[in-house]
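Student: Next up is a structure, given as structure tokens.
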Amino acid sequence: MSVPETPHSDDMTCGVPLVPLTTFWAPRWWPVWIGLGLVRLLAALPWSLQRTLAHTVGALAWWVARRDRRITLINLQLAYPTQTERERRQIAKRHFQSLVYSLFETGLVWFDRRGRGGDSVYPRR
């Protein structure tokens, strides 16, 4: 891959040279394309299904990501020493669900052209 060496070239974006999209068709980039396709597919699902999936995948992530779960619980213990262990675990589980839902919302921002208003805090114009 060759990139322009002059910093004042016209084909620069924020100081980074533009690279042709065909560069990213190589097999090493296929996982990225599959991930983008999955995010696009999830963005097309109805809100209720997205919420259910986020809740389920977040609960699964809670059990699978042992290291992250441990770090989250330690941080919550430091931040909320007066709360019980049970209360901190509930906060942590909701955090994992919220984290997964934020990935779904990213897909909506990137790919949803229908402009679903839903329960948005911003009024439609």
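The values are calculated or read from the model by the stated rules, or taken from the named source; none is laboratory data. Everything quoted here is computed from the prediction, not taken from an experiment. Quick reminder, even Gly has a Cβ in these numbers, built from the backbone with ideal geometry, and neighbours come from all protein chains shown.
Student: Within the stretch 76-83, can one find any residue that is within 19 Å of the chain's Cα centre (by Cα), modelled with pLDDT of 95 or more and surrounded by 15 or more Cβ atoms within 10 Å (Cβ to Cβ)? Even if it seems obvious, please write down each step before you answer.
Tutor: Our first condition is that a residue be within 19 Å of the chain's Cα centre (by Cα); within the stretch 76-83, this holds for none.
No: zero hits.
Student: Still on this model: For the subset of the stretch 67-94 comprising residues that are polar (S, T, N, Q) and in a loop (DSSP other than H, G, I, E, B), which member is farthest from Val57 (Cα to Cα)? Full working, then the answer.
Tutor: Within the stretch 67-94, the subset polar (S, T, N, Q) is 72, 75, 77, 82-84, 90.
Filter once more, keeping what is in a loop (DSSP other than H, G, I, E, B): 82-84.
Values: Thr82: 29, Gln83: 26, Thr84: 25 Å.
The qualifying residue farthest from Val57 (Cα to Cα) is Thr82.
Student: When you look at Leu42, is it closer than 30 Å to Thr22 by Cβ and surrounded by fewer than 13 Cβ atoms within 10 Å (Cβ to Cβ), yes or no?
Tutor: Numbers: closer than 30 Å to Thr22 by Cβ: yes; surrounded by fewer than 13 Cβ atoms within 10 Å (Cβ to Cβ): no.
So Leu42 fails the test.
Student: Another question, then. Would you check if Gln97 is in contact (Cβ under 8 Å) with a residue 40 or more places away in the chain and in a helix (DSSP H, G or I)? Step through it out loud before you land on a result.
Tutor: Details: in contact (Cβ under 8 Å) with a residue 40 or more places away in the chain: yes; in a helix (DSSP H, G or I): yes.
Judged against the criteria, Gln97 is a match.
Student: Then there's this: When you go through Val16, Val64, Val32 one by one, which is the residue that is of a type outside the set (Phe, Trp, Tyr), touching a Phe, Trp or Tyr at 6+ places or on another chain (Cβ under 8 Å), at negative phi and loosely packed, with under 14 Cβ neighbours inside 10 Å?
Tutor: Working: Val16 fails: touching a Phe, Trp or Tyr at 6+ places or on another chain (Cβ under 8 Å); Val64 fails: touching a Phe, Trp or Tyr at 6+ places or on another chain (Cβ under 8 Å).
It is Val32.
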